[in-house]
């Protein structure tokens, strides 16, 4: 029993923490870097081709005391052209928006009604990477910070637990 606990504490759990933390950091880093640089990206005029509120529901808790949580997201599609090549985009802001009410998500979409002409910021040499609002929203920072904590905790556990 003691050796199983030692294996769990010295190898398995730290490995899982490092893996999960690394995945979170990997998922966030592209959005963080693009969010930081997007203020300097060139822009063109585009047009909104779809604009709606999307939702995602999750059930939490046990089957007897289950609770459903719903998040609402403003979703857009837009078209733009760079150097004669037509492009399509979906990002309002890097990191996205998430709200607890449909009305809050809808408020963001008031700026992006169907047919609205918009300024589309695109990544130089990667014209398909675009955003309507340059900069960065909070989720990538949370993933990057949380991933760093997980990786650090995993390495700390490896260092602190004996290898016998």
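Table: residues versus (1) at pLDDT 90 or above; (2) in contact with a helix residue (DSSP H, G or I) (Cβ under 9 Å, 6 or more places away or on another chain); (3) within 17 Å of residue 77 (Cβ to Cβ).
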site: 118; (1), (2), (3): yes, no, yes
site: 127; (1), (2), (3): yes, no, yes
site: 134; (1), (2), (3): yes, yes, no
site: 140; (1), (2), (3): no, yes, no
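Which of the residues spanning the range 56-93 are at pLDDT 90 or above, surrounded by fewer than 13 Cβ atoms within 10 Å (Cβ to Cβ), more than 26 Å from residue 36 (Cβ to Cβ) and in contact with a strand residue (DSSP E or B) (Cβ under 7 Å, 6 or more places away or on another chain)?
Once the filter is applied, which keeps residues that are at pLDDT 90 or above, surrounded by fewer than 13 Cβ atoms within 10 Å (Cβ to Cβ), more than 26 Å from residue 36 (Cβ to Cβ) and in contact with a strand residue (DSSP E or B) (Cβ under 7 Å, 6 or more places away or on another chain), the range 56-93 yields only 86.
Collect the residues in the range 86-123 that are within 29 Å of residue 26 (Cβ to Cβ) and outside any loop (DSSP other than H, G, I, E, B), keeping them in residue-number order.
Within the range 86-123, 87, 88, 89, 94, 99, 105, 108, 120, 121, 122, 123 meet the criteria.
In the list 115, 96, 154, which residue meets the criterion of being at positive phi and either out of contact with any strand residue (DSSP E or B) (no Cβ under 9 Å at 6 or more places or on another chain) or exposed (fewer than 13 other Cβ atoms within 10 Å of the Cβ) (or both)?
115
Please enumerate the residues belonging to the range 32-44 that are under 11 Å from residue 122 (Cα atoms) and in contact with a strand residue (DSSP E or B) (Cβ under 6 Å, 6 or more places away or on another chain).
Scanning the range 32-44 gives 34, 38, 41, 43, 44.
The values are calculated or read from the model by the stated rules, or taken from the named source; none is laboratory data. Being a predicted model, the structure only gives us computed values, none of them experimental. FYI the Cβ positions are ideal-geometry reconstructions off the backbone, even for glycines, and counts take in every protein chain you see.
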